[in-house]
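These notes concern the structure reproduced below.
The values are calculated or read from the model by the stated rules, or taken from the named source; none is laboratory data. Quick caveat, the model's predicted, so the values are computed rather than measured. We place every Cβ from the backbone using ideal geometry, glycine too, and count neighbours over all the protein chains shown. Each accessible area value is taken on the protein alone, full model and side chains, heavy atoms only, with ligands, DNA and RNA left out. Shrake-Rupley method; radii C 1.70, N 1.55, O 1.52, S 1.80 Å.
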Amino acid sequence: MTNDRRLRPVDLARLAGVSTQQIRNYEDAGVLPPAARTASGYRVFGEVHRGALLAYRTLMRGYGPVTATAIMRTVHEGDVPGALALLDAAHAALHEERVSLRAASEALELLAAEPPAPLPRSGGLRIGEVAVLLGVRTSALRVWEGAGLLTPGRERGTGYRVYEPADVRDARLVHTLRRSHYLFDQIRPVLEGLRREGGSAALRAAVAARGEVLTARSRAMIEGASALHAHLDRLTEAGTATGSPADGPERSPG
């Protein structure tokens, strides 16, 4: 079977808003199926390549360029089950993020609602004791302090850090949020809100924002999977043919 029409690299480049060299790179990477060549060595693309390009660009929005490239390359190597396995793995990872976010939300709500817990002894805790309490390294606590997330006091004379109950609570919150992949700039307003208002409004807002990001990515992944399904149908219709020789050379080598 032949394609309905011949397309030049520049035609695909204009479609995707990229350079003609990027189209060649896509073919070399397996994002596009191999193009036929004229006797003069010019690339000849067709509707199957156009569909592959659209599928890849759609997949990128939900799966990212690395996974999208791997999916398309695997398809064009003839391993459709392997490509679908990559999709399944990405969806499973997204599900795990949702589970983690839900768990973090519940844990953070409890932490934010609780008053600072009494410390094992009076006079505050040293950094090593807090590290053991949280199950982290002292270096992590120092990094969080350097980022302005923690503000422990200092002991007179020695200059040692002293973590009061509120400081330990903040450290627990930072630890929980970091395990859920929150950035420092996302954690900072949560802590500021708790310190300023003593409530969890900022905390809930941060969790809700993360949930919206996951929902948007999930929708993009569904759209990408649909585009891939359409491309697989085109490949089935085309058989093993991915292009057809042109009658003449392109304007420039491709």
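Residue-wise test of (1) over 30 Å from residue 190 (Cβ atoms); (2) open to solvent by 40 Å² or more (accessible area, probe 1.4 Å); (3) among the small types (Gly, Ala, Ser).
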{"position": "53", "(1), (2), (3)": "yes, no, no"}
{"position": "56", "(1), (2), (3)": "yes, no, no"}
{"position": "64", "(1), (2), (3)": "no, no, yes"}
{"position": "83", "(1), (2), (3)": "yes, no, yes"}
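Within the stretch 173-200, take every residue that is surrounded by 13 or more Cβ atoms within 10 Å (Cβ to Cβ) and among the hydrophobic types (A, V, I, L, M, F, W, C) and give me the one that is farthest from residue 136 (Cα to Cα).
Per the stated criteria, the residue is 194.
Could you say which residue among 136, 162 is in contact with a Gly (Cβ under 7 Å, 6 or more places away or on another chain) and of a type in the set (A, V, I, L, M, F, W, C)? Spell out the reasoning first.
Working: 136 fails: in contact with a Gly (Cβ under 7 Å, 6 or more places away or on another chain).
Answer to the check: 162.
Residue 250 - would you say it is at pLDDT below 95, closer than 30 Å to residue 56 by Cα and either part of a helix (DSSP H, G or I) or open to solvent by 30 Å² or more (accessible area, probe 1.4 Å) (or both)? Can you show your working first?
Numbers: at pLDDT below 95: yes; closer than 30 Å to residue 56 by Cα: yes; either part of a helix (DSSP H, G or I) or open to solvent by 30 Å² or more (accessible area, probe 1.4 Å) (or both): yes.
It is true that residue 250 is at pLDDT below 95, closer than 30 Å to residue 56 by Cα and either part of a helix (DSSP H, G or I) or open to solvent by 30 Å² or more (accessible area, probe 1.4 Å) (or both).
Given the residues 139, 122, which is the only one that is over 21 Å from residue 188 (Cα atoms) and hydroxyl-bearing (Ser, Thr, Tyr)? Spell out the reasoning first.
Values: 139 fails: over 21 Å from residue 188 (Cα atoms).
122 is the lone residue from the list that is over 21 Å from residue 188 (Cα atoms) and hydroxyl-bearing (Ser, Thr, Tyr).
Let's see how each residue does on (1) among the aliphatic types (A, V, I, L, M); (2) over 20 Å from residue 101 (Cβ atoms); (3) not in a strand (DSSP E or B):
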position	(1), (2), (3)
191	yes, no, yes
195	no, yes, yes
215	no, no, yes
218	no, no, yes
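Residue-by-condition table, conditions (1) in a helix (DSSP H, G or I); (2) touching an Asp or Glu at 6+ places or on another chain (Cβ under 6 Å); (3) open to solvent by 30 Å² or more (accessible area, probe 1.4 Å); (4) under 30 Å from residue 12 (Cβ atoms):
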site	(1), (2), (3), (4)
33	no, no, no, yes
40	no, no, yes, yes
60	yes, no, yes, yes
78	no, no, yes, yes
93	yes, no, yes, no
97	yes, no, yes, no
103	yes, no, yes, no
107	yes, no, yes, no
112	yes, no, no, no
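Consider residue 68 carefully, then state whether it is assigned to a helix (DSSP H, G or I) and in contact with a Phe, Trp or Tyr (Cβ under 7 Å, 6 or more places away or on another chain). Break it down into steps so the answer makes sense when it comes.
Values: assigned to a helix (DSSP H, G or I): yes; in contact with a Phe, Trp or Tyr (Cβ under 7 Å, 6 or more places away or on another chain): yes.
So residue 68 fits the description; yes.
Would you be able to tell me the number of residues in the stretch 190-222 that are among the hydroxyl-bearing types (Ser, Thr, Tyr) and farther than 16 Å from residue 172 by Cα?
Start the filter on the stretch 190-222 by keeping residues that are among the hydroxyl-bearing types (Ser, Thr, Tyr), which leaves 200, 215, 218.
Right, trim to farther than 16 Å from residue 172 by Cα and you get 215, 218.
The qualifying residues number 2.
Quick one: residue 165 ticks every box in (1) open to solvent by 30 Å² or more (accessible area, probe 1.4 Å); (2) touching a residue at least 40 places away in the same chain (Cβ under 8 Å); (3) within 22 Å of residue 183 (Cβ to Cβ); (4) not basic (Lys, Arg) except a single one, so which number is it?
(3)
Could you list, in sequence order, the residues of the stretch 159-189 that are assigned to a helix (DSSP H, G or I) and more than 14 Å from residue 147 (Cα to Cα)? Show your work before the answer.
Step one: list which residues in the stretch 159-189 are assigned to a helix (DSSP H, G or I), which gives 165-179, 184-189.
Passing the criteria: 165, 166, 167, 168, 169, 172, 173, 176, 177, 179.
Look at residue 230 and say whether it is within 28 Å of residue 58 (Cα to Cα), modelled with pLDDT of 90 or more and open to solvent by 30 Å² or more (accessible area, probe 1.4 Å). Break it down stepwise before answering.
Working: within 28 Å of residue 58 (Cα to Cα): yes; modelled with pLDDT of 90 or more: yes; open to solvent by 30 Å² or more (accessible area, probe 1.4 Å): yes.
Yes: the conditions hold for residue 230.
Residues being open to solvent by 20 Å² or more (accessible area, probe 1.4 Å), in contact (Cβ under 8 Å) with a residue 40 or more places away in the chain and among the small types (Gly, Ala, Ser): count how many of those fall in the stretch 114-134.
1
Quick one: count up the residues across the stretch 1-14 that are surrounded by 15 or more Cβ atoms within 10 Å (Cβ to Cβ) and under 27 Å from residue 64 (Cα atoms). If you could, list the steps in order and put the result at the bottom.
The initial filter retains those residues of the stretch 1-14 that are surrounded by 15 or more Cβ atoms within 10 Å (Cβ to Cβ), namely 3, 6-13.
Filter once more, so that each one left must be under 27 Å from residue 64 (Cα atoms): 7-13.
Total satisfying the criteria: 7.
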